[in-house]
1. Name the residues whose placed amide hydrogens come within less than 5 Å of the amide hydrogen of Leu246, ignoring near sequence neighbours (fewer than 5 apart) on the same chain.
2. How much mean residue ellipticity at 222 nm does the chain get from its helices, if each DSSP H run of length 4 or more adds -39500 (n - 2.57) and you divide by all residues, to the nearest 500 deg cm²/dmol?
3. What FRET efficiency would be calculated for the residue pair Glu20, Glu83, taking the C-beta separation as r and a Förster radius of 25 Å, to the nearest 0.05?
4. For Thr205 and Tyr121, what is the calculated FRET efficiency with R₀ set at 51 Å and r taken between the beta-carbons, to the nearest 0.05?
5. Provide the per-residue ³J(HN,Hα) series for region 441-449, in order, calculated from phi with Karplus coefficients 6.51, -1.76, 1.60 and θ = phi - 60°, each as a whole number of Hz, with x at glycine and proline positions.
6. Quick one: grab the alpha carbon gyration tensor of the chain, order the square roots of its eigenvalues as a ≥ b ≥ c, and give me rounded if a/c is under 1.5, else prolate or oblate depending on whether a/b is larger than b/c.
7. With contacts defined as alpha carbon pairs under 8 Å and 6 or more residues apart, what's the relative contact order of region 253-441 in percent?
8. Using the Karplus curve 6.51 cos²θ - 1.76 cosθ + 1.60 with θ = phi - 60°, work out ³J(HN,Hα) for each residue of region 292-299 in order, rounded to whole Hz, and write x for Gly and Pro.
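Read-outs: derived from the displayed coordinates by stated rules, not from any lab. Model, not experiment: these values are computed from the prediction. Because the Cβ atoms are built from the backbone with ideal geometry, glycine has one as well, and the counts that use them run over all protein chains shown.
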Amino acid sequence: MSKYPDLKLYIGGKWRETAETLPVLNPATGEEIGRLPHAEVADLDDALTAAREGFRIWRATAPRDRANVMLKAAALMRERQEEIALAITAEHGKPLAQARLEVIRGCEFIEWDAGEAVRTYGRVIPSAPGVRYIVHHQPVGVVLGLSPWNFPMSQPCRKVAGAIAAGCAIILKAAEETPAGALHIARAFHDAGLPPGVLNLVFGTPATISNHLIRQDTVRLVAFTGSTAVGRQLTTLASEHMTRVLMELGGHAPVIVCEDTDVRQAAFASAVRKYRNAGQVCTSPTRFFVLESAFRQFTDTFVERAAATIVGNGMDPGVEMGPLANERRIPVLSELVEDARAKGAELRLGGGRIGSKGYFFEPTVLINVPDDARVMYEEPFGPLAMINPVGSLEEAIVKANSVPFGLAAYAFSNRADYIDRMTDGLEAGNVSFNTLEASLPETPFGGVKSSGYGREGGTEGLDNYMVTKNISHSMQIV
């Protein structure tokens, strides 16, 4: 196993240590594996100064040159895939195979946005003779990127890629529990020749960092991925300063299973995806609404496959689900299970912690869960699946839309009329049929309702990082 990286801040093109550090723990063992530098206000002010200068240089850099630096950084990360993946598994717990895939996914985000960097087209609006109206797109300025702990590599890659491709500078505050992915991103861009100050990396107390930086006029956009509760707080703070926000917030994804599909295959695929990343995914399939005629077969197959999930240390061969990323999630999940059971749900599988070493929780299946159970309207963000029968497609759509979240929704059906009704009726920013994939580099990703606003990825992905300027040019004074 490679050595866990020596963690540092990255400000103005230079690596920086601090007097105060925080422990980084391996969630499979609870052991300390590294020390994380804790940014003070002086470090944050230095990052702001560096970002201002980096933006001055980078906004004047040709889009093709920006793209070349991005592609070189992505190539370096691909070369370093194993080193990065080992660090991610050590700090997060996810199986090594999944960590390897996450590294590649992060590279794909950068590579896609590198292509988009040269396609931030404006347009000429038809006008009278002697007059030109031109729509021009320019980088918004310095971005504050706030990335979560559940995907230590791909999530910060999305923030960095969008900002740098658009010509912005970025101060990235990555998750303190899982800092290695962001460190490797900064290292790759440094080695690829990114000018100093264009990318800055800080860690520390989240509230201190966000409160200080969002209040600064230098910061023109806050790009955040995380919980809805925190997203609301950040949006409120940003609104006080008229600062733009890009919010990718929580989800509670429904899955509708129709009677015409291959029920067994749908259940098998659902159980595999449900426990990926230990269910710590904002798009994780969680609330299953199964047409009554398919309910028993779906449930039996799902439980059978869930029970076969190999849980263990992500470094061990064959492991499919690692521990939860932090210990504080264990009592939350236990409370949700007990609340559901107290209100009449049937526990078909799991429901509790595994052992006392590490933060492992059993793959869990609850069926016939009442609507008033907390887990039906609170995102569990863990290996919990709820399976309920429904009498009709209309009922399934109503129940799917019954929560304030709308990030991802899934359905299994081969009927065109069913798919048409769900396409129009499901309230989600991402709707997938016969697949549980919600996000790709080339497709726009984001939510509706309390799941946020703005989009990352696709041709829409750079819109949030740019401002639209209208140019009116008359050939003579009028």
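1. Residues meeting the amide H criterion: Val222, Ala223, Phe224.
2. Helix contribution divided over all residues of the chain: -11500 deg cm²/dmol.
3. Given R0 = 25 Å and the Cβ-Cβ separation, E is 0.40.
4. Once rounded, the FRET efficiency stands at 0.80.
5. For region 441-449, the Karplus curve yields x, 8, 10, x, 10, x, x, 10, 6 Hz.
6. Taking the square roots of the gyration eigenvalues as a ≥ b ≥ c, the chain is oblate.
7. 27 percent.
8. 3, 5, 9, 4, 5, 5, 4, 5
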